[in-house]
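Quick note: the coordinates plus some simple rules give every number you see, no bench work behind them. Bear in mind that the values here come from a model prediction, so they are computed numbers and not experimental data. Quick reminder, even Gly has a Cβ in these numbers, built from the backbone with ideal geometry, and neighbours come from all protein chains shown.
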Amino acid sequence: MYLIARRFRRSGSLIFILWTWFSCQKNPTETVFEVVSYPAAQVVRTYKTPVYLHYMPWFESPEYAEYPERDKGNWGAHWTMANRNPQIQDAAGKRQIAAHYYPLIGPYDNGEPNYLEYAVACMKLSGVDGVLIDFPGNTPVYDWKLLLDHTNALLPWLEKAGLRFGLVYEDKALDNAYTQGIISDRVQEARQVMQYMQTSYFSKPNYLQLDGKPVLLNFGPQAIFQDAQWNTVFSLIPDIQFVTLPYTRQNYQLHTSVDGEFAWVSETIDDNFYRNASKYPILIGGAMPGFKDFYQEGGWGAGYTDYDDEGGGLFRRTLEKAASYPIDLLQIITWNDFGEGTVVEPTREFGYARLEQIQRFVGVSYTAKDLELAVRLYQKRKELRGDSLKNLQLDQVFYYLVSLQTDKAKQLLDRL
């Protein structure tokens, strides 16, 4: 068989024309394959409150790692913690990772394009609006540049999939940098971080907004605790909606700088947090499938209280509880915190069950069979690495998925 590939652009679509000649035929057969960059379609669902997945961007694999554990095959610290080594595999090829649950696609790197493609396709078919990214800012401390790089790597894929995003600022970075002498003033550094976020993120058309203003969640406060200081931090950027952890607005008297609070883990299971709804301009509810951290086993401290998943019962109850109150947004805890076991990303243990619960809750027509297509896309990327022509067809599979043409995506995957 003789193949010649010619590439050119027409009307915004990438056209690939292949001439295939079989020696057993007198006349060549011409096959045309066209990759069309379909725009993302809007998912139709019954639950109207915005739903976002809390997203951890800190996982690294040897091929892409920026801060690898050299003595553990160059895997990142969140797969290894203090004493795990993913280079060690069992007879079935399962790697030794710092987690009770194992990714269905195997351990990955948040900066790998193939992972990002799979992840946003899964999210799209789950019916969520987007992600809330755990974000330390651009303060140069520890390996937190990794989270910044992985955040920036994710954004183009979210845009392709028609998904939105917000940030959950870890102001602990300020405290760490101050303690190490990297910065001399927490408030001034925070002002710099806010200006960076305004320029790089808040102005993007798919950034999370409520009442026409960008929303910034804060996993704290952990470094700045005074109302006047936070007002100084925000003084050089347009008005934003600032939302902190439960009970912090009252505990730190942040009445002019903080606009609301969001539920986290323990606040999702009872009504105490939600009963304060009338106190806040913004209330963000939460739901979690369970909590089973690996910190003690992994040598990262004593760990926290476990919350049994109850065979899916905990997730169902926390979803329903959040929906019964007048929340402005629902945050799923989490897409992929494997260290704490709050993952809804597909795993060997749960398969697609947790994403299926989200699908049913938000009221979309998609099922596990559709989610499976995103996993198959990732697996085919690995299998067909180096085959440029077939990878172009996988590009088409992705555009079929985000434009919700799932039948066409399956047909094309079946042929590969």
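Residue exposure proxy: 204, 48, 172, ordered by other Cβ atoms within 10 angstrom of their Cβ from fewest to most, comes out as 48, 204, 172.
Here the extension length gained between residue 87 and residue 317 equals 79.0 nm, from 0.36 nm per residue of separation less the Cα-Cα distance.
Report, in cubic angstrom per residue, the convex hull volume of the C-alpha atoms of the chain. If you can, show how the numbers build up before the last one.
Details: hull volume 69.5 nm³, N = 416.
Cα-based convex hull of the chain, divided per residue, equals 167 Å³.
Could you please report the charge total around residue 39, scoring K, R as +1 and D, E as -1 over all other residues with beta-carbon less than 11 angstrom from its beta-carbon?
Working: positive: 160; negative: 159.
Once all neighbours under 11 Å are counted, the net charge is 0.
The packing ranking, built from the mean of other Cβ atoms within 10 Å per residue, places the peptides 355-363, 272-280 in the order 355-363, 272-280, highest first.
One chain, two ends: residue 416 and residue 225. Fully extended at 0.36 nm per residue, the span grows by 63.2 nm beyond their Cα-Cα distance. Packing here is the average count of other Cβ atoms within 10 Å per residue, and on that basis the peptides 71-84, 306-319, highest first, run 71-84, 306-319. Between the alpha-carbon centres of the range 28-88 and the range 377-394 there is a gap of 16 Å.
Spacing of the modelled spin labels on residue 392 and residue 266, each 7 Å from Cα toward Cβ, amounts to 5.7 nm.
List the pairs from 172/279; 124/213; 124/390; 48/124 whose alpha-carbon separation is above 19 Å, in the order I gave them.
Working: 172/279 26 Å; 124/213 24 Å; 124/390 23 Å; 48/124 15 Å.
Pairs exceeding 19 Å: 172/279; 124/213; 124/390.
Rounded, prolate or oblate: which fits the range 300-380, taking a ≥ b ≥ c as square roots of the Cα gyration tensor eigenvalues, rounded meaning a/c under 1.5, else prolate when a/b beats b/c? Taking the square roots of the gyration eigenvalues as a ≥ b ≥ c, the range 300-380 is oblate.
Label-to-label distance for residue 199 and residue 302 is 4.4 nm, based on points extended 7 Å past Cα in the beta-carbon direction. Since only 256, 68, 135 are under comparison, the one whose Cα sits farthest along the positive direction of the charge dipole of the range 51-375, derived from C-beta charges on Lys, Arg, Asp and Glu, is 256. Computed over the chain, the per-residue total of -39500 (n - 2.57) for DSSP H runs of n ≥ 4 gives a 222 nm mean residue ellipticity of -9500 deg cm²/dmol, rounded to 500.
I'd like the antiparallel share, as a percent to the nearest 5, of DSSP beta bridges with both residues in the chain.
Details: 23 of 53 bridges.
Of the beta bridges lying entirely in the chain, close to 45 percent run antiparallel.
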